[in-house]
Amino acid sequence: MAQAKLFSWDALEARSDLDRLRLVIDHLPDERIVQYLEVMRGHGRDDFPVRAMWNALLAGIVFQHPSPESL
């Protein structure tokens, strides 16, 4: 009897890029990091929300962009 693997990399690679991004955003315990970044920003310019910029950074990693400029 064949036993299913507990963690199958093939199953993850078969997903679309957006599915993989959703998995990262949903399961990464990053709330404390984002809150810290928001506190560090203080009352400075708020052209781009911290959460949106953090998610863009994660997307760049998931989509394997070579630099932030390529996003």
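Each reported figure results from applying straightforward, stated rules to the coordinates on display, with no laboratory input. Quick caveat: nothing in here was measured; it's all calculated off a predicted structure. Virtual Cβ from ideal backbone geometry, glycine too; neighbours counted across all protein chains shown.
Residues being surrounded by 15 or more Cβ atoms within 10 Å (Cβ to Cβ) and in contact (Cβ under 8 Å) with a residue 24 or more places away in the chain: count how many of those fall in segment 59-71. Outline the logic, then answer.
As a first pass, look at segment 59-71 and keep what is surrounded by 15 or more Cβ atoms within 10 Å (Cβ to Cβ): 59-60, 62.
Restricting the remaining residues to those that are in contact (Cβ under 8 Å) with a residue 24 or more places away in the chain gives 59, 62.
The total comes to 2.
For segment 28-67, how many residues meet the condition of being acidic (D, E) and closer than 26 Å to S16 by Cβ?
Going through segment 28-67 one residue at a time, the tally reaches 2.
Taking segment 57-71 on its own, how many of its residues are part of a loop (DSSP other than H, G, I, E, B) and among the hydrophobic types (A, V, I, L, M, F, W, C)?
2
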